[in-house]
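To start, the structure under review is shown below, and the notes come after it.
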Amino acid sequence: MNLIRRISFLMSQDRQRRELAEEMRLHRELRARQLRGHGLEHGEASQTATRLFGNETLLKEKANDMWGWNWLEDLGRDWRQTGRMLAANRGFAAIAILTLALGIGANTGIFTVTNALLLQSLPVAEPQQLYRVNTTRMPDGAGNTGNSRTSFSDYVFDHLRGHSAVLSSLVAYVPLGSNKISVRAGTLPEEVSADMVSGNFFSGLGVKAACGRILSAEDEAAHTPFAEVSYQYAGLRFGEPCAAIGKPMNIKGVPFTIVGVAASNFKGVERNPTDVWIPFQVRPELNAWGSAGKDYYSSSPNWWCMLMMARLKSGVSKAAAEAALNPPFQRAAYEPLGGKPRQGERPVRLSLVPARGIDGSASLKQPLLIVQVMVGLLLVIACGNVLVLLSVRNASRAREFCVRLALGGSTGRLIRQLLAESVVLVFAATALGLVFAVSATRALSRWAELDIAATPDGTVLWFTLLISVAAALAFGVGPAFSASRVAIADSIKNSAATAHRDRGRVTAGNILTAVQLALCLVLLTGTGLLVRTLQNLQHVNVGFPTGGLLVFGISPQIQDQGKAEAFYRDLIVKLRAVPQVRSVTLMGNRIASGWSNNTDAYVDGQTPKNVDDTMLRWNDVGPDFFTTLGIPLLAGRDFNEADTSASGPVAIVNRTFVKHFLHGQNALGHTASFTGRKAFSIVGVVEDSKYSGVEEDPQSMAWFPYTQVGYSRTLHVELRTAGPAMAALPAVRKAVAEFAPDLALLQPRTQQAEFDRSISTEILLARLSTAFAVLAVILVTIGLYGTISYSVKRRTTEVGIRLALGAERGSVVWMILRSGILLSLLGLAIGMPLVFVSSRFLASLLYGVTPLDPLSIAGAALGILAVAVLATGIPARRAAAIDPLTALRYE
Amino acid sequence: MRQEIPQGTLDMLILRVLSSRGSLHGFEIANQIQAISEDVLRVEEGSLYPALQRMLMKGWVTAEWGKTAENRRARYYQLSKAGSRQLADEMSRYTQVSAAIGRILNLA
């Protein structure tokens, strides 16, 4: 009841004030009239009435305070005053807000990506119950496709899925290709990511259908030709997502019907969004990973190729589930291999990893952490700047504060006022920062080629709120306390000439600036290291000229090996006829894609003895492979059209192979193989070149004709073109379309772009850190400039006296310059130990440069000195231009 | 000689005056307190108004605007039900306390 009356009072406050004033006036007038009735004179009567009444203003305040709203009024007054203050100092406010917004925006943007990649839960029901299933490795004797840590056999999946004591459900999925695959819904073929999944995939994960239905256990049991598509894909392909239901869809040439569209926020469980899901199939075109092997995932119990996710029963802990699942897991793992681990083999173990973030992002963890630390430093520098700005401004407001304190204003009120100012600054900056963050995230996703929808969620907003509140407190409380400590008497009677009084604050300001310089040094050194790493990587000789090389994948749906060979032979002829194309070849694994075949080497029929590393990397390739790429032939010949499935098996090996396995003998005439069952005669030796990526060390390698190793369903076509590679793409596309109208060109790129992709993390890191370093330098320059300008302003009188007494202008410049240089030296002293610690943290990401690279460190230190001279030079010149007379009259 | 009204009893006095005289405006309340106490108790006149605002907030009195005999606008205060209860409470507490104090002072 009280509250209702209080609120209605608040609503009608103006009227209430008027009424109270009217009531009081009436009271005084009636009293005055009464006094006049007692014989007082007119003037005396009203004076007495007023005196009897008491302090009307105070009483009005007291009456108003009775309603308990005074705190609100004070607050409103603080805000209004803050608004006036900031409006009067628009330049200051704009710089402070912009600086902070940059810092907050960059931090939020980076954190959004970190969050999406590493922290965010999947958009499913009860995500905390969901785990990815990992294994230590695959058992000896088994085969694997995909990451060996996350791959399981169908046999293992079948034996674990019924384990209902701890599992609420176990789902399995496997990509239909190591890359995107070709589907056709409508007239044109296109590339999509598609998975083959267990029937409980959607129900087990807890994903509903946006329209239609989700795939079911019956779909898996009967291997039905029904497909589920993602909301995004359906929207893109059919305009209206739900229009997808019932539409036919050809997946690698096999007809399917779309029966469901998954919930709009579900984009699959892999790093890149999944477009299409089909139930497990048993037909050669739709094998796991697009494999062309004669075995299917389901018929070969030792092929570890499927990924699994587990939903635990509620109340079951991760440890309990692991303990319960490991015995049946080990039984199922070794049963098809004779029942037990080999001599000396440590049995495989299964573990559960919370399904957070995006799978396969583990390699981005460290780079992201580094970027996060960098933007963190940037924010600290930005905060430092605003602090310097604020304390400079508060110092010039010292008189205002003193007057307020002297007139009886409370310290609490003063602090609250300053806090209000910083809160306004910080929250304006946060709002602006969030806008920056959205564009920063978008830019970052594009740079990183992350096909993710990284949007700020609750976690991100909490993160931003946290750093904002921390900033607001730092800005408000710090200066407020120093402001409330100003010595009143001193300040009112005096001003700038007496430098001693605020020595404490200036020293604090100097240390702040030095710390900023130190952090800037850390950022500059890190940037130097990352940029030099990138330069080194970009100048790595990959073993052949990449200019003019164009590569694309192609996946003809042909079962028969003879027909497939004919297809590729004709395709090569067709492509050679394109005017811009000089030479054409094929390969199973695209160079620099990160994929490679790794097996034990067989040389002259057996695994080489007396070498510590028997691993052989190999690739299956087409005719003219080395001629097309431009890899120098050291001995023997290149592959040609005569190397077919019918001709004798041949191989070409590289220099390292010869050195490592043949001890430098003449290799021609020896045999090389990836299996003990088939020997390939070495007919050529070539110079070393890069295979899986730029950072690779020289490896023992062998190449075999694609016709002789069992054919892959997807081959990559490499073209040497005359002129820029991308310029040839339209003509190439046209030639392929005329030859095979149903086939899409898979991921057409220049070979150089493919190599760049293999160092995309390094490119991203170098670019981001450069951007941050530039920002840091700008901020630090502004901060230092502010500090020095302020001290010059404070020392105007002193400089005037010095000049009047005959000091050279040059010595004045030096005096100011020296303070800047001393500050930067202090910064270097603080920063160097930090550099030593932090560059070690970068070590694993560097290439061809040591963490304590003298050039990077010296460059950064010089940069800091340059910043100091630049930021100090302008105020120093201004000081030298001071007119002694004006300066002395200045007080 | 005039006495300042003891702290905290102003509320009680206002309520008491309103309970016997019905509807009064501020000046009348002040005058009534003085008149009834035969000019011994003097309200520090202005302090009446914060007290009245507090009682409005508590809901012990209600107020409405009306006209005085001289046809001037004035705010008239009336006792509410809650106000009567409050008055009864305060009076019984006051009586108890003053009786106790009286007994102590009257000790032979």
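For this structure, a couple of remarks:
- Take every DSSP beta bridge whose two residues both sit in the protein assembly as shown; close to 75 percent of them are antiparallel.
- The local environment of B:Q86, defined by Cβ-Cβ distances under 10 Å, has a net charge of 0 under the rule Lys, Arg +1 and Asp, Glu -1.
- Mean projected area in nm² (Cα convex hull; one quarter of hull surface) for the range B:3-105: 7.0 nm²
- Within the shell of other residues whose beta carbon sits under 10 angstrom from the beta carbon of A:R349, the net charge comes to +1, with Lys and Arg scored +1 and Asp and Glu -1.
- Computed from the Cα positions only, the extents of the range A:684-793 along the three principal axes stand at 82, 38, 26 Å, in decreasing order.
- The range A:556-742 - Debye-derived log10 I(q)/I(0), Cα point model, q = 0.13, 0.16 Å⁻¹: -0.68, -1.00
- Here the relative contact order of the range B:53-108, from alpha carbon pairs under 8 Å that lie six or more residues apart, stands at 26 percent.
- Here the relative contact order of the range A:556-742, from alpha carbon pairs under 8 Å that lie six or more residues apart, stands at 32 percent.
- Within 10 Å of the Cβ of each residue in B:53-63, the mean number of Cβ atoms contributed by other protein chains is 4.
- In the range B:9-82, the trypsin sites (Lys or Arg not before Pro) that fall in loop regions by DSSP, at most 16 other Cβ within 10 Å: B:R72
- For the range A:387-446 and the range A:577-603, distance of Cα centres in Å: 60 Å
- Estimated from helical segments only, the mean residue ellipticity of chain A at 222 nm is -17000 deg cm²/dmol, where each DSSP H run of four or more residues counts as -39500 (n - 2.57).
- Euclidean distance of C-alpha centroids, the range A:1-29 and the range A:841-876, integer Å: 67 Å
- Listed peptides A:343-350, A:244-251, A:530-537 by packing density, highest first (mean Cβ within 10 Å): A:530-537, A:244-251, A:343-350
- Sorted peptide list for A:384-395, A:311-322, A:576-587, criterion being average Cβ within 10 angstrom, highest first: A:384-395, A:576-587, A:311-322
- In the structure shown, the pairs A:K340/A:K678; A:K659/A:K690; A:K609/A:K659 are assessed against 20 Å; a Cα-Cα span above that value is assigned to A:K340/A:K678.
- Neighbours of A:V581, meaning other residues whose beta-carbon lies under 14 angstrom from its beta-carbon, give a summed charge of +4 when Lys and Arg score +1 and Asp and Glu score -1.
- Sorted largest first, the principal axis extents computed over the alpha-carbon atoms of the range A:2-68 equal 47, 17, 16 Å.
- Within the range A:215-269, the proportion of Cα pairs with more than 16 Å between them is 43 percent.
- Among the helices of chain A, those built from whole DSSP H runs whose Cα atoms reach 24 Å or more along their own axis and whose mean Kyte-Doolittle hydropathy is at least -1.0 are A:70-88, A:90-114, A:365-396, A:411-447, A:458-484, A:503-538, A:760-794, A:809-842, A:854-880.
- P(r) histogram, all alpha-carbon pairs of the range A:300-447 included - 5 Å bins from 0, percent: 2, 6, 8, 11, 9, 8, 7, 7, 7, 7, 6, 5, 5, 4, 3, 2, 1, 1, 0
- The spacing between the range A:172-205 and the range A:525-560, judged by their C-alpha centroids, is 28 Å.
- Fraction of the pair-distance distribution of the protein assembly as shown above 50 Å, Cα-Cα pairs, percent: 49 percent
- With contacts taken as Cα pairs under 8 Å at a separation of at least 6 residues, the range A:2-68 carries a relative contact order of 37 percent.
- The range A:127-356: C-alpha pair distances exceeding 34 Å, %: 14 percent
No lab work stands behind these numbers, since they all come straight from the coordinates. Just so it is clear, the structure is predicted and the values come from calculations on it, not from any experiment. Every residue, glycine among them, receives a Cβ derived from its backbone with ideal geometry; neighbour counts consider all protein chains shown.
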